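Here's the structure we're looking at; comments come further down.
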Amino acid sequence: MTRYGLVCLLATLAWSQAASPRPGGTQATPSAKTSATPGAPAAPNEAPAASNPVEVPPDAVVITIQGLCASPAEEKAHAADCKTVITRSQFEAVVDALQPTMPRPARRRFATSYANALVMSNRAEEMGLDKGPEFDERMRVARIQVLSQELNKAVQEKASQVSDQQIQDYYHANPAKFVQVDLDRIFVPKMNRSASEAAAKDDDDDKKPGAAGEQKSEESGQAMKDEADKLRARAVAGGDFAKLQAEAFAAAGIKSNAPNVSLGKMREAALPAGHASIMQLKAGQISPVIADPGGYFIYKVKSVDTLPLEQVKEEIRGTLRSQHLQEDMHSLQESATSTLNEAYFGPELPPRALSGGPGASLPAGKPSPPPPGPK
């Protein structure tokens, strides 16, 4: 459950607690407080606040709700001065069921909200709000929600079971994914800046796009393409990439400093779309001129090597976990289909047209995608 899901849980906790046993068998009154009176003596099992939770024993009291009675009999006999205590083990059982990785500051906020929800749920029971078809239906939906979340957790745990043999098999079956090349690159802009400004001025003078402006743009574009071809030929002949990059910017009328030509070591997944062909080059080779909407690119491969298995082991584990998760969810989704009566629901609307109030939808039935592994 995400931190936002936890907020949603607290919004409905007053309802769900009515059907769940409370830690310590508590019942509540709305006037209960979540902290003891300053200066009051500690309860027999209470432990002083500790910066390190390990210092607090499992049976130590971590939440005291003064005025919240532990049983109906106690409420009738001592309603004014009874209290409820929640131990560390009881509180952590709740946290572990909802969000085991909840950080320390969030646990403090959650403890306050949880205690308040216990008070609210008790008052709801006193008012008889846990009786009737509407409450029963909401509890049925809550059960569906919890079961869906449990399936989410189970599927993710199963998907995470990746063996060392599976990792090795994937590594040997996909050698190209783990090749990296050390690259230099020349970038040649597609247009000469001065020519582009002149073409724009011609269009402004005519108040509309004109043939003169279009012709200047075409001529500028062709000139820069020719420049890229010349620079590539000089690179093949052994030209220094840094000097060639500076000439490319000068030809484009750009006065700012040219970019660094060294890209360092890169893998195919990190390259721009359409540039993957350079992964087929050998050390020392120069790529053809690669054109894309951003300009013209010329690459030089300085070295080629393959990452060892140990270095990419966790990356592969993440990739296989994602694959397993997708396969399991696809199988689950294909196991049943639903059909909606359009006479009742109407036609399907685009996602941005859909809106629903709080609590109007069930949680998604599919697990949240795992964080991607490194490329």
Taking N as the residue count of the stretch 221-340, its alpha carbon Rg divided by 2.2 N^0.38 Å gives 1.58
Of 264-274, 119-129, ordering from highest average Cβ density within 10 Å down gives 119-129, 264-274
Along the stretch 270-283, Karplus-curve 3J(HN,Hα) (6.51, -1.76, 1.60; θ = phi - 60°) to the nearest Hz, with x for Gly and Pro, reads 8, 7, x, 4, x, 9, 5, 4, 5, 5, 8, 7, 9, 4
Length gained if Arg107 through Val179 is fully extended, taking 0.36 nm per residue and subtracting the Cα-Cα distance, is 21.4 nm
Ranked on Cβ counts within 10 Å of their own Cβ, fewest leading, Leu332, Leu118 go Leu332, Leu118
Which residues qualify? For Gly253, with a placed amide H closer than 5 Å and at least 5 residues away or on another chain, they are Arg193
Karplus ³J(HN,Hα) for the stretch 293-304 (6.51 cos²θ - 1.76 cosθ + 1.60, θ = phi - 60°; Hz, whole; x = Gly/Pro) runs x, x, x, 10, 10, 10, 10, 10, 8, 8, 7, 9
Phi-derived 3J(HN,Hα) across the stretch 128-141 with the Karplus relation (6.51, -1.76, 1.60, θ = phi - 60°), rounded Hz, x for Gly and Pro, is x, 6, 8, 10, x, x, 5, 4, 4, 5, 5, 5, 5, 5
Compactness check, the stretch 83-123: C-alpha Rg relative to the 2.2 N^0.38 Å globular estimate gives 1.17
If Thr101, Thr337, Thr112, Thr319 are placed from fewest to most neighbouring beta carbons inside 10 Å, the sequence is Thr337, Thr101, Thr112, Thr319
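Every read-out reported here was derived from the displayed coordinates using simple, explicitly stated rules and does not represent laboratory data. Keep in mind it's a predicted model, so treat the numbers as computed, not measured. Counting neighbours? That spans all protein chains shown, and the Cβs are built from the backbone with ideal geometry, glycine included.
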